[in-house]
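Only one structure is covered here, and it is reproduced in the block below.
The values are calculated or read from the model by the stated rules, or taken from the named source; none is laboratory data. Here the structure is a predicted model, which is why all the values come from computation and not from measurement. Cβ placement follows ideal geometry from the backbone for every residue including glycine, while neighbour counts extend to all protein chains displayed. The accessibility values were calculated without ligands, DNA or RNA, using every heavy atom of the protein model including side chains. Shrake-Rupley method; radii C 1.70, N 1.55, O 1.52, S 1.80 Å.
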Amino acid sequence: MASTCSGCGPGYKTPLDAMKGPREEIVYLPCIYRNTDIQKPDYLATVDVNPQSPNFCKVIHRLPMPNLKDELHHSGWNACSSCYDDPSKRRNRLILPSLMSSRIYVVDVGTDPRAPRLHKVNFIEPIDLFWKCGLANPHTSHCLGSGQIMISTMGDPSGNGKGGFVLLDGKTFEVIGNWEQPGEAAPFGYDFWYQPRHNVMISTEWGAPKALGNGFNPADVKTGHYGQCLHVWDWTTHKRIQTLDLGEEGAVPLEIRFLHDPAAAEGFVGYALQSTVFRFYKTLKGEWAAEKVIQIPSKKVEGWALPEMPGLITDILISLDDRFLYFSNWLHGDIRQYDITDRRNPRMVGQVFLGGSILKDGPVKVLEDKELDSQPTPRILKGKRVQGGPQMLQLSLDGRRLYVTTSLYSAWDKQFYPDLVKEGSVMMQIDVDTDKGGLKLNENFLVDFGAEPDGPALAHELRYPGGDCTSDIWL
């Protein structure tokens, strides 16, 4: 699927080749009912995003999972551009880890991409992760050039933090065991990205599942239940060789992105709590280091849980040509676009507000703001008020369209944006100026997950059938 030559494997030969790929026509999104009043299973939604289609902006298929309260979250592929040189590989199975139940579902998207079905394996039971790996709470899934599938985890079976990695067989989808060597697991886990040409993988930290499972308590940060480190791994030996502790301003590093150029020895990571972006890079000595390159100032407020409100950077991605960086401030309510041609000095070239917690007609009054002269107005799109703030992002291959959803994680949605849980999340599309930079909301695009047949749902991460800039890694 999406291969640019006959006889080649899945994906594209290079990131720049991927930019010439076909326009996206459908998108897959996990939709969550955990922490809502609806006793229905989470499901995988297929959304039509082809402007020429009669079903444009509609959910055209829903695949419910067999269990309740899984908390589907992120997804990955059985094969991607890392397997481009292997013509025996096909991108035809979507891997769906469940953040809270620890199940892992395998979805057949090859038989009928517009109507996915559960693969015959059905799902991997939590006990397989518990007993074979001593791990739980799977998060990020990446396919490997070997054909195996690697999934990061956040915890152990008791809900404590444990940043390990589960390996799945790429054909049978059985749990093989741990990727990391015995005793090498990190204190916390979350996301990861690998760059084989530099023999490295780097992972991030969220927090202990039992601390964040039912909401956020700031006291848990001070008592050490949340992470603040990047972990550097030797890609060949599977050993943790370096830990970069960024201290308080590096609290809760979430999404990590190497540059797409497989020869690059640098990338960016977003730190949620202090709303910073760090550039990580390989030094002349061959070690790894990190430096802060973006800082979003907190706002002094009243009428909120704390006297200062951070932006809360939650998702971050890089365009396939490594020119632009995008991220979302879930609490402040904006998405930002940065020109990263000068890697050490990102320059903001686009910004758009889509909801958030500092709206003019909301309960929060901003007392001091180092960036804005006035509080933003609510975003009304096709008659629907956008609840929550911008969160998960996905960029079109050509970089001209940025898709966004508004749910972060059901327990935090319920805590920070209760109306989001009541009314459901939305999916929006932003037009991107790829010449000079700039972001503009497409007023004609809205997918309203508040209108779902079983009731308002919380839609999260976005995936294209042919791969995208957060799923594919080039070797």
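Evaluating LEU68 against the criteria (1) open to solvent by less than 60 Å² (accessible area, probe 1.4 Å); (2) among the aliphatic types (A, V, I, L, M); (3) under 30 Å from GLY159 (Cα atoms); (4) not in a helix (DSSP H, G or I) leaves one unmet condition, (1). Does MET150 fit the bill of being aliphatic (A, V, I, L, M) and within 28 Å of GLY9 (Cβ to Cβ)? So MET150 passes the test. Residue count for segment 54-65 under the criterion of being part of a loop (DSSP other than H, G, I, E, B) and within 19 Å of ARG463 (Cα to Cα): the result is 4. Scanning segment 98-112 for residues that are in a loop (DSSP other than H, G, I, E, B) and of a type outside the set (Gly, Ala, Ser) returns LEU99, MET100, ARG103, VAL109, THR111, ASP112. Taking the criterion of being in contact (Cβ under 8 Å) with a residue 60 or more places away in the chain, open to solvent by less than 10 Å² (accessible area, probe 1.4 Å) and of a type in the set (S, T, N, Q), the only residue of segment 201-214 that qualifies is THR204. Note on segment 394-428: residues that are within 21 Å of LEU359 (Cβ to Cβ) and open to solvent by less than 10 Å² (accessible area, probe 1.4 Å) total 11.
What residue, among those in segment 71-92 that are buried (at least 24 other Cβ atoms within 10 Å of the Cβ) and assigned to a strand (DSSP E or B), is nearest to the chain's Cα centre (by Cα)? So, considering only residues that are buried (at least 24 other Cβ atoms within 10 Å of the Cβ) and assigned to a strand (DSSP E or B), the one nearest to the chain's Cα centre (by Cα) is LEU72. Are any residues in segment 256-274 out of contact with any Lys or Arg (no Cβ under 8 Å at 6 or more places or on another chain) and outside any loop (DSSP other than H, G, I, E, B), and if so, which ones? Scanning segment 256-274 gives ILE256, ARG257, PHE258, GLY270, TYR271. Note on segment 159-175: residues that are open to solvent by 50 Å² or more (accessible area, probe 1.4 Å) and either under 15 Å from HIS238 (Cα atoms) or in contact with a Ser or Thr (Cβ under 6 Å, 6 or more places away or on another chain) (or both) amount to 0. Return a yes/no flag: does segment 307-314 have any residue that is touching a residue at least 12 places away in the same chain (Cβ under 8 Å), more than 22 Å from SER374 (Cα to Cα) and crowded, with 23+ Cβ neighbours inside 10 Å. The answer is yes, given that some residue of segment 307-314 is touching a residue at least 12 places away in the same chain (Cβ under 8 Å), more than 22 Å from SER374 (Cα to Cα) and crowded, with 23+ Cβ neighbours inside 10 Å. Only one entry of ILE38, ILE60, ILE26 meets the criterion of being in contact (Cβ under 8 Å) with a residue 24 or more places away in the chain, within 23 Å of ARG103 (Cβ to Cβ) and not acidic (Asp, Glu), and that entry is ILE38.
Taking segment 268-294 as the range and being more than 16 Å from the chain's Cα centre (by Cα), buried (at least 17 other Cβ atoms within 10 Å of the Cβ) and either at pLDDT below 95 or not hydroxyl-bearing (Ser, Thr, Tyr) (or both) as the test, the residues that pass are LEU273, GLN274, PHE278, ARG279, PHE280, TRP288, ALA290, VAL293, ILE294.
Just to be sure, is ASP322 closer than 12 Å to ARG257 by Cβ and open to solvent by 10 Å² or more (accessible area, probe 1.4 Å)? When the stated conditions are applied, ASP322 passes them. Every listed requirement among (1) open to solvent by 10 Å² or more (accessible area, probe 1.4 Å); (2) more than 26 Å from PRO209 (Cβ to Cβ); (3) touching an Asp or Glu at 6+ places or on another chain (Cβ under 9 Å) is met by PRO456 save one, (2). Select from segment 371-393 the residues that are touching a Leu at 6+ places or on another chain (Cβ under 8 Å) and charged (D, E, K, R) and write down the one among them that is least open to solvent (accessible area, probe 1.4 Å). Looking at the filtered set, the residue picked out is LYS384. Residues that are at pLDDT 95 or above, open to solvent by less than 40 Å² (accessible area, probe 1.4 Å), outside any strand (DSSP E or B) and not acidic (Asp, Glu) are absent from segment 145-157 altogether. So which strands (runs of 3 or more DSSP E) are wholly in segment 308-355 and hold at least 1 residues that are of a type in the set (Val, Ile, Thr) and modelled with pLDDT of 95 or more? The qualifying strands (runs of 3 or more DSSP E) are 313-318, 334-339, 347-353.
The residue that is farthest from the chain's Cα centre (by Cα), counting only those in segment 232-250 that are among the hydrophobic types (A, V, I, L, M, F, W, C) and open to solvent by 10 Å² or more (accessible area, probe 1.4 Å), is ILE241. Picking from residues in segment 176-200 that are among the charged types (D, E, K, R), touching a residue at least 60 places away in the same chain (Cβ under 8 Å) and open to solvent by 10 Å² or more (accessible area, probe 1.4 Å), the one that is farthest from VAL269 (Cα to Cα) is GLU180.
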